[in-house]
1. Counting only protein heavy atoms and using a 1.4 Å probe, what share of the accessible area of the range 469-587 belongs to carbon plus sulfur, as a whole percent?
2. What's the magnitude of the charge dipole for the chain around its Cα centre, counting Lys and Arg as +1 and Asp and Glu as -1 at the beta-carbon? Answer in Debye, nearest 20.
3. Please give the per residue accessible area of the range 132-230, computed with a probe of 1.4 Å over protein heavy atoms only, in Å².
4. Given the rule -39500 (n - 2.57) for each run of at least 4 DSSP H residues, summed and divided by the residues of the chain, what is its mean residue ellipticity at 222 nm, to the nearest 500 deg cm²/dmol?
5. Based on the Cα atoms of the range 193-274, what semi-axes does the equivalent ellipsoid have, where each is the square root of 5 times one gyration tensor eigenvalue, given in whole Å with the largest first?
6. Along the principal axes of its C-alpha atoms, what lengths does the range 319-439 span, in descending order and rounded to whole Å?
7. Can you give the Rg to Rh ratio for the range 140-298, taking only C-alpha atoms and Rh from Kirkwood?
8. Can you tell me how much longer the chain between Thr422 and Glu438 gets when fully stretched, taken as 0.36 nm per residue apart minus their C-alpha distance, in nm with one decimal?
Amino acid sequence: RTSDSRTPAPDTRFASRATPSPASAAPLLLARTRPPPAAMASKHKSAPVTLEIKDGVGIVTISNPPVNALAIPVLEGLKVALEAAQRDGAVKAIVITGSKGQFSGGFDIMQLKARSEGKPVPDMSDFNAILASLVESGPKPTVAAIENLALGGGLEVAMACNARVATPGAQLGLPELQLGVIPGFGGTQRLPRLVGLEAALRMMLQSKPIKAEEGHKLGLVDHVVPREGLLAAAIKLALDIADKRAPRVMSFYRADKLPAPAAAKVMLGMARKQAKAVQSVMPHPGLCLDAIEAGLAKGAEEGLLVEQASFAKAVSSTACRGLVHFFFASRGTTSVPGVTDTGLKPRPTKCVGVIGGGLMGSGIATACILSGVSVMLKEINQKFLDAGMDRIKSNLASNVKKGRMTPEKAAQTLALVHPTLTYAEFGKVGMAIEAVIENLELKQRIFADLEAACRPDCILSTNTSTIDITKVAAKMRSPERIVGAHFFSPAHIMPLFEVIRTAATPPQVLVDTLGLSKQIKKTPVVVGNCTGFAVNRVFYPYTMSACLLLDLGCDPYAIDNAIKMFGMPMGPFRLGDLVGHDVGVHVGQNFLDDFPDHVFASQIIPLLVQAKRLGEKSGAGFYVYDAKRKATPDPEGIAGLLEASRAAAADKFPVNVSRGGMGGMGGPVGGPLNALTQNDIVEMIFFPVVNEACRCLAEGVVVRAGDLDVAAILGMGFPAFRGGIVHWADQVGAAHIVAKLREWTTRYGGLYQPCPYLEDCAVQGRKLADGPHPGPDRSKL
């Protein structure tokens, strides 16, 4: 640590030199607030920042519920309060803290949203100078009293203080990169000087918060004290620093935690390699490293200037716009007009009945017990029941292996599962979730049994991914009781939860189901009852278009690589291998039956099934798999199947297309396939997905376009930095998408036929996200 005698005198030029330009004003963080009060700092209880003097210490308290976000009035209030405390002769030292059990969740993200959209925002470009002159190196020392959390800008304020005291388990982090930006209140300079470069890189680039206890070990926190003693401990430490009984540390000028130049070069080089791999679509990791590296090479003051310039570049990027849009969209899915705004309150679910202990049922049961919700697991025989329990045990064992829970906690969690072969105790459950195979008659029998066994207020739900839920409920006495509860596999890991309603679904049932999603930490999307619901409906053209490309002569592995480069976790053919092509044939048939005018029926998937190349589970599909499920392309193994599929497709196109090329894709009909660019492939696969998303919007399948964006990201792995399928399409432009789809419709058929809503947006210059104009209510919601 650096004592007073060894601390370099602060550079008197710092405030002016380090003042960022208006173009780089006020960074973010992961906090969203209500519209902030207009009051400036004062002693009025509603002010966002207050100053109280106690025992010679000025206590500056941030009060902006729910997480004390650093909205513009808060930043202005901090300036006024800190100036007053530094001037007051009765004040020897200063403690900065937060009200209502929180320090600060960071900069108000509403300001970041406005800035990323190019809207005017208030200029707080001098806040770094305020941190330097009033917090870090002012006449009187400062201590941060951190309760519960200090994230983003909140942690940056705390790091500018001369010391930090935190409560046990308090979260400390700089997660700005999750929103496509970088720390902007000096975090890229102070964090490496407090915890060392390696830990700082991990915290910033991976957006990983740490607990106060780890922060104490690293040097980010000086003391960890009980909540009830936090303020007293901070006051004592502040007075000790003022009276020189404890050192006053200015983290901006520290160097003792920084590695030698050679070691720093190695660490930064490794981080640079990862950042460069995504730089074309996500520039913010590289921009963050620019600021860190500048501070190491040229000093913290120069690093701060680079930080501000880099922040300005990051916040104007398309990745930032996409990530910020996703942040807000994912928090808006629980709002359902006419349901959640009627005053209804969710009834807590204490026990869930899960019917079926297969991969999905055991995953749903695991998701529930991990959140403290007990489960009645029902199976048809002891063998299946034991297998289901074994799967749940394996899921918990995986958490133990990964350090997410102790063996003792896993045992306690497992005890929440009550295996059974009958419905005898289903009168206890608040919600029953059917998770058996996609067999309509079986599901109908189960719901007849559930209706008899469960109490009248129990919610009866099906996890079907393909079957109309009104058909499932057809033999119930009260079919309006049923609701869709569609989890995504593996259910205890995947965050998306589709809630499917019918015209008869009572609002209270929806409110309660949304309440369960919150209990088990899922992101819900309310969907109208239709084939495929939201995710499977919107994305059915994804695989069909990829198969059409394949039948035209394109290499399946080139298609997969192009889609991975776009940002998807894997390409459509690798995904098919993962899901299982037998499942793909079954699910795909629903769309062939229900949407015959805009589909493409390739033979390649049925041919793979006939050849018993089902994917990972059989050891071979488009790829072959070793014992560790590592995928290896197998062009020789599928060559005959490709030839047969292409031959079968030869007469399916309105325009005769030879297998040597593709019209409208970089050359005339018969042109070479190697003329295709990665962007050509992306457009031909995703534009029909956009088209189907527009059909869903026009039909009222979802409440808003943002719900489809969230569903695409969380359910299909659509890249979050692109903001979701509709947000991305609006960046591309409806006119361009429609022009391409019309051309492909002429050449390849109805799969690409643009829907009326998409065409209207193209003609009118409207954004797809705006939704259809108000008119007759045709909503499926």
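1. 61 percent
2. Using only the charged Cβ atoms, the result is roughly 1760 debye.
3. Numbers: 2550 Å² over 99 residues.
Value for the range 132-230: 26 Å² per residue.
4. Helices in the chain give a 222 nm mean residue ellipticity of -14000 deg cm²/dmol.
5. Values: eigenvalues 185, 57, 11 Å².
Those come to 30, 17, 7 Å.
6. That gives 50, 36, 31 Å along the principal axes, largest extent first.
7. Numbers: Rg = 16.0 Å, Rh = 16.0 Å.
Radius of gyration relative to Kirkwood radius: 1.00.
8. Result: 3.7 nm gained on full extension.
The values are calculated or read from the model by the stated rules, or taken from the named source; none is laboratory data. Since we're looking at a predicted model, the values are computed, not measured. All Cβ positions, even for glycine, are placed from backbone atoms using ideal geometry, and neighbour counts span all protein chains on display. The accessibility values were calculated without ligands, DNA or RNA, using every heavy atom of the protein model including side chains. Shrake-Rupley method; radii C 1.70, N 1.55, O 1.52, S 1.80 Å.
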